[in-house]
Amino acid sequence: MPDDDSGEPSGGSDYGMATNLSGETARVSALVGLSGLVEAGTLLEATPECLVIAGADGQIVFANHRVEELTGFRRDELIGHPLSVLLTSGLGAVEDSRFEGTCRRSSGETFPVEVHLGSIDAPEHLAVVTLRDMTELQAGRDAKFEAEAKYRALVDELPAVVYLDPVDENLDSIYVSPQVTTLIGITPDEWLTDPYAWRHHVHPEDIDRVWDEYVLAYNEHSTLNHEYRMVHEDGSVKWVLEQASTITDEHGEPWLIQGVIFDISERKKAEEQIAFLAYHDKLTGLPNRALFEEMLELAIARGRRHELGVGVVFLDLDNFKLVNDSLGHAAGDELLIQLADRLRGCTRETDLVARQGGDEFLLLLSDMERGSSALPGVDSALMVAESVVIRVHEALQEPFHLNGTEFFATASLGVSLFPQDASDGGTLLKNADAAMYQSKKRRPGGHVVFSGAGEDPLQKLSLTTRLRRAVELQHWVLHYQPIVNLSDGSMKGVEALVRWREPNGGLVPPGEFIPLAEELGLIDAIGEWVIEEFSMQDRLWRQQGLDLQISFNLSPRQLRSAQLSEKIISKLRDAGVESRNVVVELTESAAMADPDHTQQILAELHAWGLTLAIDDFGTGYSSLARLKHMPVDILKIDRVFIRDVDTDSDLSGMVRAMIQLADSLGMTPLAEGIETQGEYEFVKANGCKLAQGFLFSRPVPAAEIPALAARPLIAG
């Protein structure tokens with residue numbers, strides 16, 4: 001394009017040419033003008049550049065053979081055509097002499113090129129363009145971009161913080177992923193610009209250890225794997241797991257430290273919960289038996305070193321099953337939770353309250369002073385233990401509120417002390433258990449301090465094992481004690497009494513194993529065997545022409561059994577026993593433990609035609625109003641009132657009143673434990689209808705009953 005009148009280049013091309021060229025192309029272009037371009041062709045052909053020259057109008061006037069090789073166009077296809085035939089992009093308002101654009105091949109395919117653009121005036125204004133194929137470089141760029149995008153996408157999705165630290169003296173980070181904001185509440189920029197950001201967010205109790213471990217891994221180029229706590233900006237504490245490793249350069253030298261920080265707070269919480277449950281009771285939150293035993297051994301070890309006393313209190317709720325049966329298991333759980341809270345308040349700060357299981361609790365009394373107390377002959381440790389036990393009993397005097405119902409509970413407690421009762425934790429626990437068992441037998445709701453002269457816990461363990469075996473093999477036998485009609489001395493019926501036949505042939509009386517069977521939950525199986533056995537015996541006696549009522553005892557635990565009435569009637573029907581020939585006995589204390597439930601059970605049994613008797617009358621706490629409405633047929637006066645009744649004026653008055661009470665309630669009075677002629681004559685003279693006792697006959701095997709029934713058992 002010609003110059004304008006001013007003599008300056010018009011610069012009117014649409015691609016904005018730069019004014020300088022470099023390299024061999026610029027040198028050659030400076031030697032020639034448009035008219036001499038052909039003569040310079042040889043030199044321009046020799047350049048290694050892909051060279052195109054265009055006039056001021058943008059038409060191509062020259063292209064070397066490199067252009068043909070790069071684009072596939074022949075030179076005659078390019079010369080005289082616009083530069084845009086080759087360059088499809090990048091020819092806008094270009095300000096730089098070097099830029100990236102897109103070139104077209106003869107096939108129509110486009111590819112990336114780097115463009116160097118210059119201009120000369122020799123004498124016409126020309127544009128000199130060199131092209132460099134950028135295909136491989138662009139492919140590399142694309143691959144790198146794709147890899148970086150995938151890496152970033154992967155990192156952004158990770159539930160962890162990813163960071164990169166250069167291996168240098170500063171140990172600063174050059175990258176951290178966005179998850180750092182969630183973890184500790186700061187932005188990635190804050191992390192990168194503050195070299196102390198990480199240190200400031202590590203928990204103060206962990207920072208020294210964690211920093212030493214990081215520096216050690218850095219110096220030794222080893223793998224880092226450790227757990228610690230970090231503090232969020234809002235003050236919350238999170239547990240993290242950090243794993244890091246060293247990345248080497250192409251020479252194998254340490255280059256970067258790449259690390260990942262995982263939030264493991266939930267895992268730690270779960271681990272802590274599992275650890276807690278391993279040593280604590282889930283319902284009450286109290287320590288369990290395992291933790292109690294560990295703490296007990298530590299307390300005994302301290303006691304040995306410093307001559308201190310240690311106490312174990314074994315607590316068992318009385319009639320806890322009654323709560324579950326009457327109010328439901330949710331109420332039973334609530335009772336245990338409330339009791340746990342009260343027990344915590346009964347002990348000292350150095351003591352420990354634990355739940356053994358079920359309705360049993362353990363109290364560890366640690367670091368008690370030993371030696372004489374202010375009271376002569378009383379050990380100081382025993383005084384401390386007694387005071388704790390008293391506080392427990394006092395705490396139980398307040399009612400428990402269970403689903404809107406007030407419930408009063410009592411507990412039996414056993415106490416065992418180190419070193420006087422045992423020198424190790426296991427024996428101390430056994431002794432406290434044995435003392436509690438003695439308390440429950442003597443007077444539920446009280447407590448017993450273990451005495452070496454008392455029951456041997458190993459002996460009880462042996463008895464427990466043997467009793468379970470006896471239940472499995474049914475090592476039982478029934479003896480029968482006659483019940484006598486006092487009007488003529490005839491046998492009215494018999495009471496079936498279970499005996500335990502040991503493998504050596506000896507017989508264990510019920511008083512020695514029935515309470516333990518109750519405690520172990522074995523009494524139901526024994527009771528079922530008793531019904532089956534006396535039912536079979538009833539059939540045999542009736543085949544011999546013997547018509548007797550058979551009495552049997554229901555234990556307190558059996559009384560709480562589900563569908564008790566249906567079970568008894570079903571067994572009697574299966575055996576062909578008439579209901580009128582069976583007397584069901586239950587003790588006064590068992591009947592009054594839950595009078596509403598008892599009345600319901602008795603009503604069901606009575607409706608089936610069974611005769612009902614209250615045993616051991618006078619030893620419990622009967623409510624006359626309750627007794628009046630119970631369908632009871634026989635009132636059995638306990639032997640403690642009968643013994644010496646003919647010589648003890650106090651007893652004689654009480655027995656007369658009991659006989660009159662039975663008559664007024666429409667019940668038949670029966671005197672238990674008649675052993676002397678005077679006792680017999682007294683109860684008969686005062687209107688008692690029935691009696692049993694050694695005077696008439698001891699309990700005997702079934703084979704001896706027919707002979708006893710054949711004659712009066714006492715002179716009328």
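Out of all DSSP beta bridges in the chain, what portion is antiparallel? Express it as a percent rounded to 5. Don't jump to the answer; show the numbers that get you there.
Values: 97 of 121 bridges.
Bridges in the chain are about 80 percent antiparallel.
So what are the stretch 568-616's ellipsoid semi-axes, whole angstrom, largest first, if each one is the square root of 5 times an eigenvalue of the alpha-carbon gyration tensor? Walk me through the numbers on the way to the answer.
Values: eigenvalues 93, 25, 13 Å².
Sorted largest first and rounded, they come to 22, 11, 8 Å.
Need one number: nm distance between label points at GLN397 and TYR175, each 7 Å from Cα along Cα→Cβ, rounded to one decimal.
The two pseudo-label positions are separated by 7.5 nm.
With equal scatterers on the alpha carbons only and no solvent term, can you work out the Debye log10 of I(q)/I(0) for the stretch 305-416 at 0.10 1/Å?
-0.33
At a 1.4 Å probe radius, which order do GLU472, GLU681, GLU502 fall into by accessible area, largest first? Could the numbers behind the result be given before it?
On the way: GLU472 125, GLU681 100, GLU502 35 Å².
I get GLU472, GLU681, GLU502, largest accessible area first.
Tell me the Rg and the Dmax, in Å, that the Cα atoms of the stretch 531-582 produce.
For the stretch 531-582, the Cα radius of gyration and maximum Cα-Cα distance read 11.8, 36 Å.
If every alpha-carbon in the stretch 163-294 counts as one equal scatterer, what log10 I(q)/I(0) does Debye give at q = 0.12, 0.13, 0.18 1/Å?
The Cα Debye sum returns log10 ratios of -0.57, -0.64, -0.99.
With every protein chain left in place, what is the accessible area per residue of the chain in square angstrom, probe 1.4 Å?
Values: 35380 Å² over 716 residues.
For the chain, the per-residue accessible area is 49 Å².
Under the rule of -39500 (n - 2.57) per DSSP H run of 4 or more residues, summed and divided by the residues of the chain, what mean residue ellipticity at 222 nm is obtained, to the nearest 500 deg cm²/dmol?
On the way: 27 runs with 295 residues, N = 716.
Mean residue ellipticity at 222 nm (helix-derived): -12500 deg cm²/dmol.
Any chance you could check the Cα centroid distance between the stretch 384-443 and the stretch 509-542 for me, in angstrom?
Cα centroid of the stretch 384-443 versus Cα centroid of the stretch 509-542: 31 Å apart.
As a test of reading the structure, rank GLU360, GLU675, GLU495 by solvent-accessible area (1.4 Å probe, protein chains only), most first.
Values: GLU360 45, GLU675 95, GLU495 10 Å².
Largest accessible area first, the residues go GLU675, GLU360, GLU495.
Can you give the Kirkwood hydrodynamic radius of the chain from its Cα pairs, in Å with one decimal?
On the way: mean 1/r = 0.0276 Å⁻¹.
Kirkwood radius, the chain: 36.2 Å.
For the residue pair ILE390 and GLU220, what label-to-label distance in nm results when each label sits 7 Å from Cα along the Cα-to-beta-carbon direction?
Result for the modelled spin labels: 6.3 nm.
Quick one: what do you get for the stretch 603-716 if you divide its Cα Rg by 2.2 N^0.38 Å?
So the Cα radius of gyration is 1.13 times the expected 2.2 N^0.38 Å.
From the Cα gyration tensor of the stretch 256-325, with a ≥ b ≥ c the square roots of its eigenvalues, which class applies: rounded if a/c is under 1.5, or else prolate if a/b is larger than b/c, or else oblate? Working shown, then result.
Values: a/c = 6.92, a/b = 1.51, b/c = 4.58.
It is oblate, given that a/c is not under 1.5 and a/b is not larger than b/c.
Once the Cα atoms of the stretch 288-335 are picked out, what are the Rg and Dmax in Å?
That works out to 17.1, 50 Å for Rg and Dmax.
Given R₀ = 41 Å, what would the calculated FRET efficiency be for SER451 paired with GLN677, taking r from the Cβ atoms and rounding to 0.05? Spell out each step's value before the answer.
Details: r = 41 Å, r/R0 = 0.99.
Approximately 0.50, to the nearest 0.05.
Just need the Rg to Rh number for the stretch 219-374, please, alpha carbons only, Kirkwood Rh.
Numbers: Rg = 25.1 Å, Rh = 20.3 Å.
Here Rg/Rh amounts to 1.24.
Determine the gain in length on full extension of the stretch THR647-GLN474; use 0.36 nm per residue of separation and subtract their C-alpha separation, reporting nm with one decimal. Write out the running numbers ahead of the final one.
Working: separation 173, 0.36 × 173 = 62.28 nm, distance 4.40 nm.
Here the segment from THR647 to GLN474 would lengthen by 57.9 nm.
How much solvent-accessible surface does HIS221 expose, in Å² to the nearest 10, with a 1.4 Å probe and all protein chains in place?
Approximately 90 Å² of HIS221 is accessible to the 1.4 Å probe.
For the chain, return all DSSP H helices satisfying: extent of Cα atoms along own axis at least 18 Å; mean Kyte-Doolittle hydropathy at least 0.0. Each step should come with its number before you reach the end.
Values: long enough: 135-157 (32 Å, -0.87); 207-220 (19 Å, -0.50); 265-279 (21 Å, -0.79); 289-306 (25 Å, -0.34); 329-346 (26 Å, 0.03); 380-395 (23 Å, 1.01); 425-442 (26 Å, -0.86); 457-473 (24 Å, -0.19); 523-543 (30 Å, -0.40); 649-664 (22 Å, 0.37).
Passing helices, by number: 329-346, 380-395, 649-664.
Between ARG580 and ILE207, what's the calculated FRET efficiency when r is the beta-carbon distance and R0 is 60 Å? Round to 0.05.
On the way: r = 87 Å, r/R0 = 1.45.
It comes out at approximately 0.10.
At a probe radius of 1.4 Å, what is the per-residue accessible area of GLU271, in Å² to the nearest 10?
Its heavy atoms expose roughly 80 Å² to the probe.
Considering the Cα positions of the stretch 461-563, please state its Rg to one decimal place and its Dmax as a whole number of Å.
Gyration radius and largest Cα-Cα distance of the stretch 461-563: 15.2, 48 Å.
The values are calculated or read from the model by the stated rules, or taken from the named source; none is laboratory data. These numbers were taken from a predicted model, which means no experiment stands behind them. Glycine gets a Cβ as well: all are built from the backbone with ideal geometry, and neighbour counts include every protein chain shown. We work out accessible area using only protein heavy atoms, side chains counted, and drop any ligands, DNA or RNA first. Shrake-Rupley method; radii C 1.70, N 1.55, O 1.52, S 1.80 Å.
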